[in-house]
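Peer 1: My questions all concern the structure below.
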Amino acid sequence: MTKRTRTHVWLALSVIAVLAVGMVACGKQPTKRRGARGAGGQTSDIASAALATYVAPGDLDEYYLFYSGGHSGQIFVSGIPSMRHIATIPVFSPYPGTGYGFDDESKEMLGGYNWGDSHHPGLSETDGEYDGRWLFINDNAQGRIARIDLKDFKTKQIMTIPNISANHGSSFVTQNSEYVTMATRMSVPFPAGTYADVDEYATKYKGIAAGIKIDPENGHMSLGWEILLPPFNYDLGDSGKGPSDGYMFWTCYNSEREFIEGGKLEVTASQRDKDFILMVDWRAAEKAVADGRAKTVTGAPVLYPEDVADIAWFIPLAKSPHGVDVSPTGQWIVGSGKLSPTTTVYDIEKIKAAIAAKDFEETIDGIPVLTYSSVREAEIPVGLGPLHTQFDGKGYAYTSLFVESAVAKWKLPPYEEGADMNQYVVDKIPVAYNIGHLVTAEGDSMSPDGNYLVALNKLSKGRHLSVGPSIPESAQLIDISGDKMKLIYDAFTEPEPHYAVIIKADKLDPVEVYKKDDPYWHKSPDAIWSVEEARIERRGKTVEVWMMSVRSFFAPDVIRVNKGDEVIIHVTNIEQTRDELHGFAINEYNINLVIDPGETKTVTFTAAKEGVFAFYCTNFCSALHQEMQGYFLVK
Ligand code: K7E
Ligand code: CUA
């Protein structure tokens, strides 16, 4: 195709997209207020959907649903099937509700940023099954990755690595949580911090794929290796399992390696007929670093594919791809190109054979491109705008169709020789609408549960009470236990989930309090457990306070300092009763700690304002909660 016809194809697809949006938007009438809905033929469906999603007062949900919070920088927790929001876990953004980002430790973790763009939560795994220990989440804005401990639902580590720009292809965990992925979405000059104009994009700009090592004992993350890549946009990823264990996969677009000023990447990045899936052998990368074959660049061990062979390959895929997903058995790698109405299935055994036979189409910056026809198993005509794929445990895959606003259910291989592939697309359900990601229960594990699917829709026009020009983000719960998919619930969240993960509730066993003697929890050396230990010490211009909080007082409850002093306050909540939290806020000083039972938090600040300032407990704790207060006097 000439560039011009390609542009026309692209324009035509855009028109189809707009039309499809319009049709779906018109087709879905806004629901009437509850009780105003007519009975009619819908009644039995509504009744069965209601029964399927109703969690009676006092009963618990079967699953946890962890939504990424997008540019809110947080994670939202809901239950399935009720879809009720039960918690928000702050990760990359301060959250006054839990005092996150106000005490010294969490403030330091945030590293001076007050937001992040969280896209893909990933659960830790043992033998390809979710083990309920940790949840990882990427930040697409500041190139970071975070770990949440599912024992207390709190962020424990936020990690930055050099040379990565916009970490989007993350956080995809390997089969035994050896590594979690990171990758560059928007290439920048290499090494980090280098200046090169965009007209040198093709040569000076680089991407990076990285393996972040996970400590099997405590989940601590450290940088394993980086691989230097051509300046493509590395988009979505997944880790292999079973026969594909040992490999990581990322889609990439803009294999044209262009950034033309005023040239519109949406057009320039869609010229080639195919883009790629990048495949990395992480065990080979690990070994290459151990063998001293990496160069240290800005402190990171970087592997150059020009010098180190057999660590990375490209697999051709329909242009402008988004999702790549590994099937539960690990044999099938599924990739989708947004501008192609098909999803491509690759066989890991064919991929391994092509590598062994050096069956390559070309080599790009030292990375061999596998021959498409040798590794492809099939192209499935799923529908318009395929993005992401999830699985049940029964041999079916579910692909989100952004343009069509639908979910397609299709059969994984084997297929009959020469068969019409349309017959393998077995069901389709419209969603409301413009779906992005979708997620099935335990969907990234080796044994998905095959009962629930959540469609994460990008738009949700009119299916909720109006709240002004910005509308809530929409998620729809779909029952996938039968042959036909059934929509059973509409739910809404804050901006803006991209991906989510669903784990069986009984795999999690969160603590009720931080027990005084539980060795699992790192205890602050500044914890105190009695009024006798409470004290204020002055060293020169520094005033340090060891404070104890309990129903319903603080000890000490008066702190006297001089203007300009550095003040350090450690507050321990000595309660050992569940949900007996105490807050510690100093008015007009922007200080807001929330201390869980058995926890100690520290805040350091300068007493810059003169006067008398009340401090008080912000978290309702007893009938005498209002009395839990004191004074901070600045002379
Ligand atoms: Cu929004 Cu995975 Cu970042 Cu697709 S991503 S939709
Ligand atoms: Cu302590 Cu309210």
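Coordinate-derived values only; no laboratory data. All of these numbers come straight from a predicted model, not from anything done at the bench. Neighbour counts are summed over all protein chains in view; Cβ atoms, including those assigned to glycine, are modelled from backbone coordinates with ideal geometry.
Peer 1: Which whole-number value in Å³ per residue fits the convex hull of the alpha carbons of the stretch 236-334?
Peer 2: Normalising the Cα hull of the stretch 236-334 by residue number yields 120 Å³.
Peer 1: Can you work out the PRE-style zone for residue 576? Point 7 Å along Cα to Cβ, and I want the residues of the stretch 591-617 with backbone N under 14 Å.
Peer 2: Only 597-599 pass the distance filter.
Peer 1: Run the helix sum for the chain: -39,500 (n - 2.57) per DSSP H stretch of 4+ residues, divided by residue count, reported at 222 nm to the nearest 500 deg cm²/dmol.
Peer 2: Dividing the helical sum by the residues of the chain leaves -3500 deg cm²/dmol.
Peer 1: Short version: ³J(HN,Hα) in whole Hz for each residue of the stretch 377-386, in order, from phi by Karplus 6.51 cos²θ - 1.76 cosθ + 1.60 (θ = phi - 60°), x for Gly and Pro, what are they?
Peer 2: Per residue, the Karplus-derived 3J(HN,Hα) values read 8, 6, 10, 9, x, 6, x, 8, x, x Hz.
Peer 1: For residue 495, what is the net charge nearby, where nearby means another residue's Cβ is under 13 Å from its Cβ and Lys, Arg count +1, Asp, Glu -1?
Peer 2: Net charge around residue 495: -3.
Peer 1: Amide H neighbours of residue 435 under 5 Å, counting only residues 5+ apart in sequence or on other chains, H built in-plane at 1.01 Å?
Peer 2: 405, 406, 458
Peer 1: Shifting gears a bit: Percent relative contact order of the stretch 41-82, based on C-alpha pairs within less than 8 angstrom and at least six residues apart?
Peer 2: Reported as a whole number, the value is 38 percent.
Peer 1: Excluding residue 214 itself, calculate the net charge of residues whose Cβ lies under 11 Å from the Cβ of residue 214, where each Lys or Arg counts +1 and each Asp or Glu counts -1.
Peer 2: -1
Peer 1: Same structure again: Which Cα, out of 120, 457, 92, lies furthest along the positive dipole direction of the chain (beta carbon charges, K/R +1, D/E -1)?
Peer 2: 457
Peer 1: When only C-alpha pairs under 8 Å and at least 6 residues apart count, what is the relative contact order of the chain, in percent?
Peer 2: This gives 10 percent for the chain.
Peer 1: With r as the distance between the Cβ atoms of residue 307 and residue 203 and R0 = 25 Å, compute the FRET efficiency 1/(1 + (r/R0)^6) and round to 0.05.
Peer 2: About 0.90, to the nearest 0.05.
Peer 1: Tell me, what does the Kirkwood hydrodynamic radius of the chain come to in angstroms if you use every pair of distinct C-alpha atoms?
Peer 2: 26.4 Å
Peer 1: Full-extension gain between residue 46 and residue 349, please, as 0.36 nm times their residue separation minus the C-alpha to C-alpha distance.
Peer 2: Full-extension gain reported as 104.5 nm.
Peer 1: Can I ask one more? Please report the net charge: other residues with Cβ closer than 15 Å to the Cβ of residue 542, K and R +1, D and E -1.
Peer 2: Around residue 542, the charge tally is 0.
Peer 1: Now for a separate question. What is the distance, in nm, between label points placed 7 Å from the Cα along the Cα-to-Cβ direction at residue 531 and at residue 609?
Peer 2: 3.1 nm
Peer 1: How big is the charge dipole of the stretch 525-635 about its Cα centre, in debye rounded to the nearest 20, if each Lys and Arg gets +1 on its Cβ and each Asp and Glu gets -1 on its Cβ?
Peer 2: My answer is approximately 440 debye.
Peer 1: Order these by the 10 Å Cβ neighbour count, fewest first: 126, 251, 155.
Peer 2: So the residues, fewest neighbours to most, are 126, 155, 251.
Peer 1: HN-Hα J couplings of the stretch 291-303 from phi, Karplus 6.51/-1.76/1.60, θ = phi - 60°, integer Hz, Gly and Pro as x?
Peer 2: The phi angles translate into 7, x, 9, 8, 9, 8, 10, 6, x, 10, x, 10, 9 Hz.
Peer 1: Given the convex hull of the Cα atoms of the stretch 278-383, what is a quarter of its surface area in nm²?
Peer 2: Average projection, Cα convex hull of the stretch 278-383: 7.8 nm².
Peer 1: Give me the one-decimal nm value for the distance between modelled label points at residue 258 and residue 419, 7 Å along each residue's Cα-to-Cβ direction.
Peer 2: 4.1 nm
Peer 1: Moving on to the next point. In what sequence do 201, 64 fall when counting other Cβ within 10 Å, fewest first?
Peer 2: Starting with the residue having the fewest Cβ neighbours, the order is 201, 64.
Peer 1: What residues have an amide H closer than 5 Å to that of residue 489, excluding those fewer than 5 places away on the same chain, when H is modeled at 1.01 Å from N in the peptide plane?
Peer 2: Long-range HN contacts for residue 489: 477.
Peer 1: Which entries of 213/287; 107/635; 156/461; 409/458 have Cα-Cα distances beyond 25 Å here?
Peer 2: Listed pairs above 25 Å: 107/635; 156/461.
Peer 1: Name the residues whose placed amide hydrogens come within less than 5 Å of the amide hydrogen of residue 144, ignoring near sequence neighbours (fewer than 5 apart) on the same chain.
Peer 2: 139, 167
Peer 1: Give the residue from 615, 366, 552 lying farthest towards the positive end of the charge dipole for the chain; charges sit on Cβ (+1 for Lys and Arg, -1 for Asp and Glu) and the dipole is referred to the Cα centre.
Peer 2: Most positive-ward Cα: 615.
Peer 1: Right, next: About the Cα centre of the chain, what is the dipole size in debye to 20, counting +1 per Lys and Arg Cβ and -1 per Asp and Glu Cβ, all else neutral?
Peer 2: It comes to approximately 1680 debye.
Peer 1: On to the next question. Place a label point 7 angstrom from the Cα of residue 520 along the Cα-to-Cβ direction, then list the residues of the stretch 126-147 whose backbone nitrogen is under 15 Å away.
Peer 2: Counting backbone N atoms under 15 Å from the label point, the list is 131-135.
Peer 1: Answer with one residue from 508, 466, 52: the one whose Cα lies farthest towards the positive end of the charge dipole of the chain, charges on Cβ with Lys, Arg +1 and Asp, Glu -1.
Peer 2: The Cα lying farthest towards the positive end belongs to 466.
Peer 1: Related question: Would you mind ranking 511, 403, 426 so that the residue whose beta carbon has the fewest other beta carbons within 10 Å leads the list?
Peer 2: 426, 511, 403
Peer 1: Multiply the residue gap between residue 562 and residue 539 by 0.36 nm, knock off their C-alpha separation, and tell me the result in nm, one decimal place.
Peer 2: 7.0 nm
Peer 1: From the phi of every residue in the stretch 483-492, what ³J(HN,Hα) in whole Hz does the Karplus formula 6.51 cos²θ - 1.76 cosθ + 1.60 yield, where θ is phi - 60° and glycine or proline is x?
Peer 2: 5, 9, 6, 10, 6, 10, 7, 9, 9, 9
Peer 1: Can you give the three extents of the C-alpha atoms in the stretch 489-626 along their principal axes, from longest to shortest, in whole Å?
Peer 2: 58, 36, 31
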